[in-house]
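Heads up: the structure comes next, in structure tokens.
Bear in mind these aren't lab numbers, they're just calculated from the coordinates by the rules spelled out. Worth saying up front: this structure is predicted, and the values here are computed from it rather than measured. Note that we place each Cβ from the backbone using ideal geometry, even for glycine, and neighbour counts take in every protein chain shown.
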Protein chains: 2
Amino acid sequence: MPNPPPAWVQALKPASPQGTELLTQERAQSNIDVDTLGDLLHTKEALKKQDEILSVLKSEKVFDKSRNHVLGRTEKIQLALARGKRLQQLKKAHNWSDEDVHVANDLVSEPTPYGLHASMFLVTLREQGTPEQHKLFYERARNYEIIGCYAQTELGHGSNVRGLETTATWDPSDQTFIIHSPTLTASKWWIGSLGRTANHAVVMAQLYIGGKNYGPHPFVVQIRDMETHQPLENVYVGDIGPKFGYNTMDNGFLLFNKLKIPHVNMLARFAQVDKATNKYIRPASPSLMYGTMTWVRSNIVLQAGGVLARGVTIAVRYCAVRRQFQDRDAKANAEENQVLNYKMVQIRLLPLLAAMYALHFTGRGMMRLYEENQERMKAAAQADQEKRGAGPEQLRAGSDLLADLHATSCGLKALASTTAGEGLEVCRRACGGHGYSNYSGIGPWYADYLPTLTWEGDNYMLTQQVARYLLKSARAVLAGKGTANDTSRILQAYLARRDKGASFDILGNDADIVAAFAWRTAHLTFETLKYRDVEKRSWNSLLINFWRLSTALSQYLVVKNFYEAVNSPEIRSSLDKDTASTLRSLFRLHALHTLDREASEFFSSAAVTVRQIGLTQTSEVPKLLDEIRPHAVRLVDSWKIPDWQLDSALGRSDGDVYPDLFKRASMQNPVNDLVFDPYPWNENVLKNAGEIKSKL
Amino acid sequence: MPNPPPAWVQALKPASPQGTELLTQERAQSNIDVDTLGDLLHTKEALKKQDEILSVLKSEKVFDKSRNHVLGRTEKIQLALARGKRLQQLKKAHNWSDEDVHVANDLVSEPTPYGLHASMFLVTLREQGTPEQHKLFYERARNYEIIGCYAQTELGHGSNVRGLETTATWDPSDQTFIIHSPTLTASKWWIGSLGRTANHAVVMAQLYIGGKNYGPHPFVVQIRDMETHQPLENVYVGDIGPKFGYNTMDNGFLLFNKLKIPHVNMLARFAQVDKATNKYIRPASPSLMYGTMTWVRSNIVLQAGGVLARGVTIAVRYCAVRRQFQDRDAKANAEENQVLNYKMVQIRLLPLLAAMYALHFTGRGMMRLYEENQERMKAAAQADQEKRGAGPEQLRAGSDLLADLHATSCGLKALASTTAGEGLEVCRRACGGHGYSNYSGIGPWYADYLPTLTWEGDNYMLTQQVARYLLKSARAVLAGKGTANDTSRILQAYLARRDKGASFDILGNDADIVAAFAWRTAHLTFETLKYRDVEKRSWNSLLINFWRLSTALSQYLVVKNFYEAVNSPEIRSSLDKDTASTLRSLFRLHALHTLDREASEFFSSAAVTVRQIGLTQTSEVPKLLDEIRPHAVRLVDSWKIPDWQLDSALGRSDGDVYPDLFKRASMQNPVNDLVFDPYPWNENVLKNAGEIKSKL
């Protein structure tokens, strides 16, 4: 690394006012109670735990983040593995729970080569293995004796699981399965932790018995030698190469040439092949998986709030420190204005500040609903088994609610991850030129997050499931058979009032805003139902309508969840009046800004008038921006993201932006070790090539 | 690099149908004349030249692209310099023009450390230097004896040039300028080619004479030794560190500690300090720079079409090869459907296909207008000087048009670069999971392009200039003093018809679509003028309105330029009927899709009715998608982007997507040389660490 700068450079300070002074002013002008709000968002215990783990990580040299941006991929992934190993060692030393390791991973903030082992591999073994298989695979995997991955996606097949080409053929002669890749497109692809790390894989393959295909099933397959870590014979495996982000993860490919595995390696909790009869034994309860996906997607919604919060924290603090131009109406020789004071910056950042809160409360709401329902269903199943009480009815009600949660979680996953992903890029651009520097902390974070828009269901694909569910619900409601859930309720409410028309008071009444979002969703649903059922339009021709429909429902749900959170007794009682009132402003800004962006659907469904939209745009939204502006820094402070985690010169909590940018550029940047020979006629690129090579 | 795969892997083929077959079918179902359309877009000569240069580059090992994705920044930038040097050598060997080198750079497709030397440094010396300075600096710079950069932006100061802190103080005692950085925020920052490459810089600094500030002026400053390439004393210079993209460029920082430079180093064509009197001599004609910026921005508009075309070419071809799911209305056991057949994919990609043509024709139109006007003004100036004819009036008309061009080029630069940047990300996502691989060719291209949204005027900042011009024009029109340009014309047309109202036939008449865009722009202009002049709202409170206004004007201009191109005799006569008709469908798709996305402004200005928007959305746009779909592959083929330039496994012109992805991952990916030790209790990350190290 370069030498320190000369004394005359070290003596320089940024022009006044200093960033530290500006952030102090920002915090002084707001009375938001940062600690109380932080506890409300994350709980006191979680924040305490985060502090403890952070102090452990900071003292470990391997987690030093200053090298992250300068390494090539080959070096980057080795460092990531070293970090993954160290985390496991720390887990043992400090007796950390799995959840604690999760917190540590969040603080380190990069994908680790153990990622898919620790998540999908372990979960699949646990959920789909028999007790015998738990002993054989799961327990060793938990101890990292077996390192695994979950191999579903193929080179030619992503979302369409039924199209998978890899086969598992039951060979009754020696009671084995033959795992085989018949084509190049059958190659497993994108599989996290597979490329260089895993020695086992759960492989999803088409099960064939006696020539008949029983669809995709999970098989545990050893792929590398436990000692040498070399691929086994008839296994071809490797890393799929550099990606837009996620380069600390070894996403891999995998091909099989008629590899034999024993009978016990088919995960058999839900389906199996009977060794005695060579017969397929049917799955027990496939709908259980349904629940897991719902939970995973609700979690993505919750996380989306936190993901966005990082970008917003950085951008809000930096835009309070950055000053550029005088206000045009100000007197001559006025000081340069903080960028955050410009309305064009506020309209980009403050709705995202509102959205991060909205997504957080929505994710929380979804997960609470899901867990309550799981509890109820467990009790009902118990009652059913013991033949007492209203077991069956409650089971049915529970599964109705689960179906509703499943569908809505699809739409919300799409909306939330798109909002977070695109929102991060808005934050980056709001930081102007310096946003493009990796020292901003936004770019790499954005690049690593982007896969979330594609995995666990591509965000566009998912919207079909939402629309299908809405159409089904609408048909039931029209037939007088609506179930007791929120979706049916909003469809019924629309039908009951359709002739009278809507007259929502979106500017005066918060509940009416929620009702307007519900109305628009119901209107689009019945309109689309007419296209499909009456006009018999093709499914394909309606995909765009379905996407609109899913977006409408999901926006309604976020607005509703945010509204309910802001008005919940829990929150109202824990916050002082001013903080509660600012939270309400955030709700209104989120809802009305969304409504403005989607104005044409609100018009055409007659949920609002042109005049209402005009007022929203030119008067109400600007007023809300003014209300929230003074609290912006404290509202991001409340999210309690440690500086070490942010790793951002722009987003430092102390506002000392420019010295940090300068220090990183001048002192932590190995490019400055290179002395170029700049003349085109000299072949040598460097004047100090020998010196540089010897450092490697 | 890894060994070749075993024989059983090499024998594998993708599942049928092959990508090559699918693209052959695509091309067979359309009769678009690819060569004629290609010539129309780029000219036959340019395409021929591109081929010649391409074949030279392909034969040079240093330009091999397979290493691009795997190098760390330190290695990447050395390779980029080596490539830059080689291009200069090839230029000499093949007698290439500057334009030819530009073509070569486009084919190589990465920023080069010589980039800012070859553009802004040379241009500034040429445009702002005196003949004496040309000899002293420009001629040596053209020969790469001097390597330079253009140092304007500072750590604390971007768009606001008047806020620059670096000073150049005239010292009459020894007739030198003292260049000084009074603070840390005065550090030059983001300066391309400065970090490691340049030995000179044009430094923009506040000129002080006798204690008085005369504003920012350009000074040529030597910063590094011509032999050792070490920084001179009292100069602190370096690279600013890793960025989201553009990592092959050494954007740099630069600080001065009272460095003395001779009088001749102030670029003196437009302003100078008189040595005899120590007096400042006023700038001759600052409005000339005005023209340069207009030209630069028009060029960005034109380029934006080509930038977007790369993403669309890749995504359209890949989505024609990629198959996923059966059509839901198809019979059971139907083959999987090409992704490009799904309406939800079409609505994302085909409007971008239309936009790339729209931006291309708009950029062309702008540049033609600009050049015609320059010619006319030159002639008028000549006439004026020789005191004959209508010199003065024509000069005034020319400068009116130039002002119009300047303002519209600001708005168009913002719209076009945003469209291209965001469009590339849409293309990447439309490629699903594989879009995230760098082998898609989209991600790094997108990351390198993003600065365009910020530089040459931040896209949000620029919209204020457009709005200011529109308000000024509206005031003039209201006062009966409108000038003879298009902006005044559309404002006048609106006023003339405002009471009668608009009744544009957007579904039946193409010219009416253009008129509807003009109407909406004029409506927003007068509405905003009312806020500012009658209601006296603050400038800051109107920034969001200004942005909307600029977007509306720019969208109108793109729609208008595209309309005029499609209907121009030149194009109509050179294309066969079917190609011309498809081009018209592209125009209609671009215009109506834009109109649909901005529907609420078209409603509220009463340019269209709710019913018209409904029909656009549910009937006209889907019809246009159907019309264009069969021609999609040929329409991107016409852009004639060589495979070598695209460097994309997904966008290969032969459609052989999967074998290419597989080859790159397995054979060109050094991560596959690493043998991990996967167990957390073993400290070593690699089992073959010795072997790997010795390879470095």
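A few remarks follow.
- Peptide-level mean, for B:644-651, of C-beta atoms on other protein chains within 10 Å: 0
- Over 26 Å between alpha carbons, listed pairs A:Lys92/A:Lys260; A:Lys243/B:Lys65; A:Lys188/B:Lys331; B:Lys65/B:Lys663: A:Lys92/A:Lys260; A:Lys188/B:Lys331
- Among the trypsin sites (Lys or Arg not before Pro) found in the range B:449-505, those both in a DSSP coil and sparsely packed, with 10 or fewer other Cβ atoms within 10 Å of their Cβ, are B:Lys481, B:Lys500.
- Prolate/oblate/rounded call for the range B:229-319, Cα gyration tensor, a/c under 1.5 rounded: oblate
- The Cα trace of the protein assembly as shown gives Rg and Dmax of 32.1, 109 Å, the first to one decimal, the second as a whole number.
- Across the range A:203-331, Cα pairs under 8 Å and at least six residues apart give a relative contact order of 14 percent.
- Counting Cβ atoms of other protein chains within 10 Å of each residue's Cβ and taking the mean over peptide B:344-352 gives 3.
- Three-way shape label, the range A:202-260, alpha-carbon gyration tensor, a/c 1.5: oblate
- Separation of the range A:426-463 and the range B:467-541, taken as the distance between their Cα centroids, equals 38 angstrom.
- Proximal aspartates and glutamates to A:Lys13, defined as alpha-carbon separation beneath 12 angstrom and excluding residues fewer than eight positions away on the same chain: A:Asp656, A:Asp660
- Inter-copy label distances at A:Ile692, shortest first and taken from points set 7 Å along Cα to Cβ: 2.3 nm.
- A cut-off of 5 Å between modelled amide H atoms, ignoring neighbours fewer than 5 places along the same chain, links B:Ala151 with B:Val202, B:Val203, B:Met204.
- DSSP H segments from chain A that extend 27 Å or more along their own axis, Cα-based, with Kyte-Doolittle mean of -0.5 or above: A:287-321, A:343-385, A:391-430, A:459-478, A:510-529, A:543-566, A:577-597
- Here the protein assembly as shown is assigned +1 on the Cβ of each Lys and Arg and -1 on the Cβ of each Asp and Glu. Its dipole about the Cα centre then comes out at about 1060 debye.
- Net charge over other residues, Cβ less than 15 angstrom from the Cβ of A:Lys92 (K, R count +1; D, E count -1): -1
- Taking θ as phi - 60° and the Karplus parameters 6.51, -1.76 and 1.60, the scalar couplings of the range A:151-158 work out to 9, 10, 4, 10, 3, x, 8, x Hz in sequence order, x denoting glycine and proline.
- Ascending distances from the B:Ala334 label point to its copies in the other chains, with the point 7 Å along the Cα-to-beta-carbon line: 6.2 nm.
- Cβ-based net charge around A:Thr521, under 12 Å, with every Lys or Arg adding one and every Asp or Glu removing one: 0
- Highest average packing first - A:371-384, A:153-166, Cβ atoms within 10 Å: A:153-166, A:371-384
- For peptides A:294-304, A:265-275, sequence by mean Cβ density within 10 Å, most packed first: A:294-304, A:265-275
- For A:Arg269, the shell of other residues with beta-carbons less than 10 Å away shows a net charge of 0, using +1 for Lys and Arg and -1 for Asp and Glu.
- Percentage relative contact order, the range B:582-653, counting C-alpha pairs under 8 Å, at least six apart: 35 percent
- When peptides B:629-638, A:524-533, A:325-334 are sorted by average Cβ neighbour count within 10 Å, with the highest value leading, the order is B:629-638, A:524-533, A:325-334.
- Coordinate range along principal axes, alpha carbons of the range A:118-284, Å, largest first: 48, 35, 29
- Cα gyration tensor category, rounded, prolate or oblate, for the range B:1-98 with a/c compared to 1.5: oblate
- Peptide A:429-442, shielding by other chains (average Cβ, 10 Å cutoff): 5
- Our summary gives chain A a relative contact order of 17 percent, counting only alpha carbon pairs under 8 angstrom and 6 or more residues apart.
- The residue in chain B that lies nearest, by its beta carbon, to the axis linking chain B with chain A is given here with the distance in whole angstrom as B:Gly72, 2.
- Placed amide H near A:Lys279: partners under 5 Å, 5+ positions off or other chain: A:Asp274
- Other-chain or far-sequence residues with amide H under 5 Å of A:Leu164's (modelled H): none
- Using a 7 Å Cα-to-Cβ projection, A:Glu564 label spacings across copies, nm, ascending: 5.6
- Whole-number D in µm²/s for chain A (Stokes-Einstein; Kirkwood sum over Cα pairs; 20 °C, 1.002 mPa s): 76 µm²/s
- Given charges at Cβ of Lys, Arg, Asp, Glu: chain B dipole, positive-most of B:Ala168, B:Gln555, B:Val296: B:Ala168
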